[in-house]
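J.: Below you'll find the structure I mean.
The values are calculated or read from the model by the stated rules, or taken from the named source; none is laboratory data. All figures in this text were calculated on a predicted structure; none of them were measured in a lab. Positions of Cβ are backbone-derived with ideal geometry, glycine not excepted, and every protein chain shown enters the neighbour counts. Ligands, DNA and RNA are stripped out before the accessible areas are found, and what is left, the full protein with its side chains, is counted by its heavy atoms. Shrake-Rupley method; radii C 1.70, N 1.55, O 1.52, S 1.80 Å.
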Amino acid sequence: MNSPTAGPEIADSDAPVSNFVRDIIIDDLKTNKFGGRVHTRFPPEPNGYLHIGHAKSINLNFGLAAEFGGQCNLRFDDTNPSKEETEYVDSIIEDARWLGGDWGDRMFYASDYFDQLYEWAVQLIKAGKAFVCDLSGDEVRKQRGTLTEPGQESPYRNRTVEESLDLFARMKAGEFPDGFRTLRAKIDMASANLNMRDPIMYRILHAEHHRTGNKWCIYPMYDFAHGQSDSIERITHSICTLEFEDHRPLYNWYIEQLGIYHPYQYEFDRLNLTYTILSKRKLLMLVQKGLVNGWDDPRMPTVSGLRRRGYTPEAIRNFCRRVGVSKTNGATELSLLEYFLREDLNKRAARVMAVLRPLRVVIDNYPEGQVEEMEAVNNPEDASAGTRLVPFSRVLYIEQDDFREDPPKQYFRLSRGREVRLRYGYFITATGVVKDPATSEIVEVHCTYDPATRGGNAPDGRRVKSTIHWVSAAHAIDAEVRLYDNLFTTENPDDVPEGQDFTANLNPKSLDVVTGAKLEPSLRGASPSSRYQFERLGYFSVDPDSTTEKPVFNRTVALRDTWAKIEKKSK
């Protein structure tokens, strides 16, 4: 697995990163292969939302075009109307643009080319390179053969050109039901490459298309539409993932038989992440079964889900650059993506104080009714971020985990008789507790403070072993905080016992909704998508559901919590 050991260096997002595709482009420019042009494309199928794997392709295609002064198109592979929706088109445009994709006025659809593709299909029929086949889909699959056995030729393979032309025209006219006939290329049923064994070019599908409506009832297969669309757009480097490597001979065959402009296809490794599913079919299943709250659920690996969770496009781009481009599929650890996210948020996220599970603290010797304003640093990584004033009063909230009546070994936070530092505040010492008589649960801690330690420093030089965060009770904002964890419990969610599917590995604790959180008042009215570091707790962002009356925050990623490890060992 690819994972950082000592923390990978974050490269400048504008600096070139070498890979084999980039090397090919450099060589092609040296030989003037495409007249000095570099023209790529990003061709998603609008049958779902983009995910982190698509982000790698976006980063590669748009990045290479930008580096070499070329162009990159956004083209929708909309050849299957039964699975495609305008909602998906809109989401893809938004996500690709958010990730930095710039296609100018070059947004296209395979459906733009349906008339031309049909004419090219007719051309292949006339050349004796395609025929109309009456076999059902199951029959075609059965006659395809295996890796060690050749396929069987269709009994309709030797139909006359005139008959195939007639039937194909009648297919287009809507005379036949779905699946009744197909148009197949006539290549070689004994080819070692199964994709070359008379593949289907067109199938009958009476379905309304999101752009062409009911104009068509026959639709080209991806393998037929892909290369020809690249040709129409004068693409130079058609970059695909490795599963299309065996399709490249077919890509070339169609173009060569038609005698049209010839782009070249290159394949790279697709992204696989631990604890993550990147199959659109399976992600759709999660949405349709209500196992997540839509495509933009922050637990989803979709770009919209990552954005809602608080990811930045810069972190995703830096991650994509780090994993690189190769010819070998592998798995990348999710922790690497989170590493780059933390590195980016550490530089840009304002620090604030929030208490997720509040415990009331009363400072008995602090004057009643007094309120001070403590100066707090907004971001120690960015001096230009300045400071803010945080109210301090006699009654505070701290985290329940920051107090122990009977502390375990190596626990240095607040306990009876122990002195700790309040962040930007004072040194306090716990003197007693108040318990719920019914449950014996601690509901209040009483303390004293040292007035000489304002700002968190003791003039006599004494030190404490712990600094804890807090919120003034009188000034706190009530909020809902959603704590997200991995959606799956295992590194490989598809690794399940026979008879089960990947949903058996769903994490039942992937979402913990905390409704009683207390936030410092500077967060009042925080706008959606704003990002913060809740000190000692992690990075959080404002959810689109948030309102002034009911703020809602999502945990984007946790901090490395050594305390959790210590407490786990002590139990």
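J.: If we scan the stretch 529-540, do we find a residue that is touching a strand residue (DSSP E or B) at 6+ places or on another chain (Cβ under 6 Å), among the basic types (K, R) and at pLDDT 95 or above?
T.: Yes, because at least one residue in the stretch 529-540 is touching a strand residue (DSSP E or B) at 6+ places or on another chain (Cβ under 6 Å), among the basic types (K, R) and at pLDDT 95 or above.
J.: A further question follows. For H469, all conditions in the list (1) touching a helix residue (DSSP H, G or I) at 6+ places or on another chain (Cβ under 9 Å); (2) open to solvent by less than 10 Å² (accessible area, probe 1.4 Å); (3) farther than 18 Å from L356 by Cβ hold save one; what is the number of the exception?
T.: (3)
Conditions (1) touching a residue at least 60 places away in the same chain (Cβ under 8 Å); (2) assigned to a loop (DSSP other than H, G, I, E, B); (3) out of contact with any Asp or Glu (no Cβ under 8 Å at 6 or more places or on another chain); (4) not charged (D, E, K, R), marked per residue:
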residue: E139; (1), (2), (3), (4): no, no, yes, no
residue: R144; (1), (2), (3), (4): no, yes, yes, no
residue: N158; (1), (2), (3), (4): no, yes, yes, yes
residue: M171; (1), (2), (3), (4): no, no, yes, yes
residue: P177; (1), (2), (3), (4): no, yes, yes, yes
residue: F180; (1), (2), (3), (4): no, yes, no, yes
residue: L183; (1), (2), (3), (4): yes, no, yes, yes
residue: I187; (1), (2), (3), (4): yes, yes, no, yes
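J.: Continuing with this model, one more query. Just for the stretch 166-186: of the residues that are more than 15 Å from Y219 (Cβ to Cβ) and in contact with a Lys or Arg (Cβ under 7 Å, 6 or more places away or on another chain), which one is most open to solvent (accessible area, probe 1.4 Å)?
T.: Checking each candidate, the answer is K186.
J.: Could you look through the stretch 128-159, keep only residues that are of a type in the set (A, V, I, L, M, F, W, C) and over 39 Å from the mean Cα position of the chain (by Cα), and pick out the one that is surrounded by the fewest Cβ atoms within 10 Å (Cβ to Cβ)?
T.: By that ranking, first place goes to L135.
J.: Sticking with this one: Which ones in the stretch 406-415 are at pLDDT below 95 and charged (D, E, K, R)?
T.: Within the stretch 406-415, D406, K409 meet the criteria.
J.: Next up: Assess whether R299 counts as being charged (D, E, K, R), under 11 Å from the mean Cα position of the chain (by Cα) and at pLDDT 95 or above.
T.: Against the criterion (charged (D, E, K, R), under 11 Å from the mean Cα position of the chain (by Cα) and at pLDDT 95 or above), R299 qualifies.
J.: Scan the stretch 260-269 and give yes if some residue there is closer than 30 Å to A504 by Cα and in contact (Cβ under 8 Å) with a residue 12 or more places away in the chain, otherwise no.
T.: Yes.
J.: Right, next: Just name the residue that is most open to solvent (accessible area, probe 1.4 Å) out of those in the stretch 501-540 that are out of contact with any Pro (no Cβ under 6 Å at 6 or more places or on another chain) and of a type in the set (D, E, K, R).
T.: That would be K509.
J.: Can you report the number of residues in the stretch 420-437 which are part of a loop (DSSP other than H, G, I, E, B), touching a residue at least 12 places away in the same chain (Cβ under 8 Å) and open to solvent by 20 Å² or more (accessible area, probe 1.4 Å)?
T.: 2
J.: Residues to consider are E368, E338; find the one that is of a type in the set (D, E) and over 17 Å from the mean Cα position of the chain (by Cα).
T.: Criteria check complete, one pass: E368.
J.: Quick check on my filter: what residues within the stretch 405-419 are outside any strand (DSSP E or B) and touching a residue at least 12 places away in the same chain (Cβ under 8 Å)?
T.: Those that are outside any strand (DSSP E or B) and touching a residue at least 12 places away in the same chain (Cβ under 8 Å): E405, P408, K409, Q410, Y411, F412, R413, S415, G417, R418.
J.: Take the conditions within 29 Å of E419 (Cα to Cα), assigned to a loop (DSSP other than H, G, I, E, B) and open to solvent by 30 Å² or more (accessible area, probe 1.4 Å) and apply them to D545. Does it pass?
T.: Taking the combined requirement at face value, the residue does not satisfy it.
J.: Right, something else. Please verify whether T274 is in contact (Cβ under 8 Å) with a residue 24 or more places away in the chain, under 27 Å from Y202 (Cβ atoms) and either of a type in the set (V, I, T) or buried (at least 20 other Cβ atoms within 10 Å of the Cβ) (or both), treating the condition exactly as stated.
T.: Criteria not met by T274.
J.: Something else: Pick from T503, T448: which is of a type in the set (S, T, N, Q) and in a strand (DSSP E or B)?
T.: It is T448.
J.: Just to be sure before I move on: is N293 over 20 Å from E45 (Cα atoms), open to solvent by 40 Å² or more (accessible area, probe 1.4 Å) and either assigned to a helix (DSSP H, G or I) or among the polar types (S, T, N, Q) (or both) in the structure I sent?
T.: When the stated conditions are applied, N293 passes them.
J.: Out of everything in the stretch 197-216 that is crowded, with 19+ Cβ neighbours inside 10 Å and either of a type in the set (G, A, S) or touching a helix residue (DSSP H, G or I) at 6+ places or on another chain (Cβ under 7 Å) (or both), what residue ends up being farthest from V140 (Cα to Cα)?
T.: Top of the filtered list is H209.
J.: Quick one: which strands (runs of 3 or more DSSP E) sit completely within the stretch 23-127 and have at least 3 residues that are open to solvent by 10 Å² or more (accessible area, probe 1.4 Å)?
T.: Filter on the stretch 23-127 gives 107-109.
J.: Against the conditions (1) under 40 Å from the mean Cα position of the chain (by Cα); (2) within 23 Å of G259 (Cα to Cα), where does G179 fall short? Just the number, please.
T.: Answer for G179: the failing condition is (2).
J.: Can you name every residue in the stretch 441-457 that is among the charged types (D, E, K, R) and more than 22 Å from E375 (Cα to Cα)?
T.: E441, E444
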